[in-house]
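Bear in mind these aren't lab numbers, they're just calculated from the coordinates by the rules spelled out. Remember, predicted model here, so these are calculated numbers, not experimental data. Here the Cβ positions follow ideal geometry from the backbone for every residue, glycine too, while neighbour counts run over all protein chains shown.
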Amino acid sequence: MPDHRIYPPTSVNYTLAAKYLRQGKLVSFPTETVYGLGANACDDRAVAEIFAAKDRPRFNPLIVHVPSLEMAEKYAYLDFTSRQLAEKFWPGPFTLVLNKKPDGELSDLVSAGLDTVAIRLPRHSVAQQLLRQFGGPIAAPSANRSGRVSPTTAKHVEEELDDRVAMILDGGPCDEGIESTIVQVSGQEVRLLRPGSVSPREIEMVAGLPVKAVTAADTPTAPGQLKSHYAPRAKLRLNATHVLPDEALLAFGRNIPHTAGPDTAGAVRNLSPSGSLKEAAANLFAMLRELDSMNVETIAVSPIPSQGLGLAINDRLQRAAAPRPENTPAGDKAS
């Protein structure tokens, strides 16, 4: 397939992308986490196009990306602790769920009927330049079909969405590789709605409050909370210490289980041969896609330490392995 919707990040193409956004069209762009599917966050019809392009349930809220803390304050209230967290972790892979201002211009669709909105200031230079060029908030979930593996390259986006997106700004592979940490300050605690590369310990050190993890939800209050999520077509078998003849292997570290038969010969990807959790996070979605493209029924996944960034990696894997809703084929679930 020709890369007919993939554009390099030039001044001409930033101008074109901003024009498309003002026209209510969808533009995909890279962040440090994954590629986003962007629309004008103040345009109801444009935001509705995101849900249509992704086949995404409308009860699942979106993240709104802004170019500055000042713009975030235009649409939401930041209490003292939220402001401390924003000043420490923005720009970066960190999302705050905040109370919406009643006179804000954001489309109600971004909040899925809630009185809160998820806001983030991305670090990636392409995302920042696009936001500055557009001059407004951009609603942007991951640029993939609902429930599927998140995209970490421009090519992944084109394979997933094709003509559902007007253009894709190519900023190369994403550095972080997993979605942002999402938190909400609630009373005397910080609720961790989705783990990411900003750890609970880092959050506690800034907020001076305990961090409480929130379990997966059938009706989410923030993106990425659905129990079944980030899933390849193949089933996942987690914490595998051996590999069955008909399985592919997603390995981690130096101790790779023996593949038991010819069907798995070569169907191995190692997230990080050195055991680096940062490298594993960056490779997670791309390697899941590669193994899934081999049309195996099951992908065995080696154990990954549940500490530091491993908490976020295991969160994504557990959601990817979760039972899918009845009568819903893989690749058509909520994102």
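Among beta bridges identified by DSSP and lying wholly in segment 6-182, the antiparallel ones come to about 65 percent.
Within segment 1-90, which chymotrypsin sites (Phe, Trp or Tyr not before Pro) sit in a loop by DSSP and count at most 13 neighbouring Cβ atoms inside 10 Å? Don't jump to the answer; show the numbers that get you there.
Numbers: sites: Tyr14, Tyr20, Tyr35, Phe51, Phe59, Tyr75, Tyr77, Phe80, Phe89; in loops: Phe59.
In loop regions of segment 1-90 (DSSP not H, G, I, E or B), the sparsely surrounded chymotrypsin sites (Phe, Trp or Tyr not before Pro) are Phe59.
The long axis of helix 309-321 is offset from the longest Cα principal axis of the chain by roughly 80 degrees. Against the empirical 2.2 N^0.38 Å (N residues), the chain has a Cα radius of gyration ratio of 0.96.
Report, in listed order, any pair from Lys212/Lys235; Lys25/Lys54; Lys19/Lys101 with a Cα-Cα distance greater than 21 Å. If you can, show how the numbers build up before the last one.
Details: Lys212/Lys235 30 Å; Lys25/Lys54 14 Å; Lys19/Lys101 27 Å.
Too far apart for the 21 Å limit: Lys212/Lys235; Lys19/Lys101.
Each peptide among 293-303, 164-174, 134-144, 21-31 gets the average number of other Cβ atoms lying within 10 Å of its residues, and from highest to lowest they stand as 134-144, 21-31, 164-174, 293-303. A crude spin-label estimate for the pair Gln307 and Asp162, with each label 7 Å from Cα along the Cβ direction, gives 4.7 nm. The aspartates and glutamates within cross-link reach of Lys278, meaning a Cα-to-Cα straight distance under 14 Å and a gap of 8 or more places when in the same chain, are Glu32, Asp175, Glu176, Glu179.
Restricting to the chain, what percent of DSSP beta bridges are antiparallel, rounded to 5? Present the calculation step by step, with values, prior to reporting the outcome.
Numbers: 21 of 46 bridges.
About 45 percent, rounded to the nearest 5.
Length gained on full extension, Thr215 to Gln318: 35.9 nm, using 0.36 nm per residue less the C-alpha separation.
Given a Förster distance of 41 angstrom, what is the FRET efficiency for Thr241 paired with Tyr77, based on the Cβ-Cβ distance and rounded to 0.05? Present the calculation step by step, with values, prior to reporting the outcome.
On the way: r = 49 Å, r/R0 = 1.19.
It comes to 0.25.
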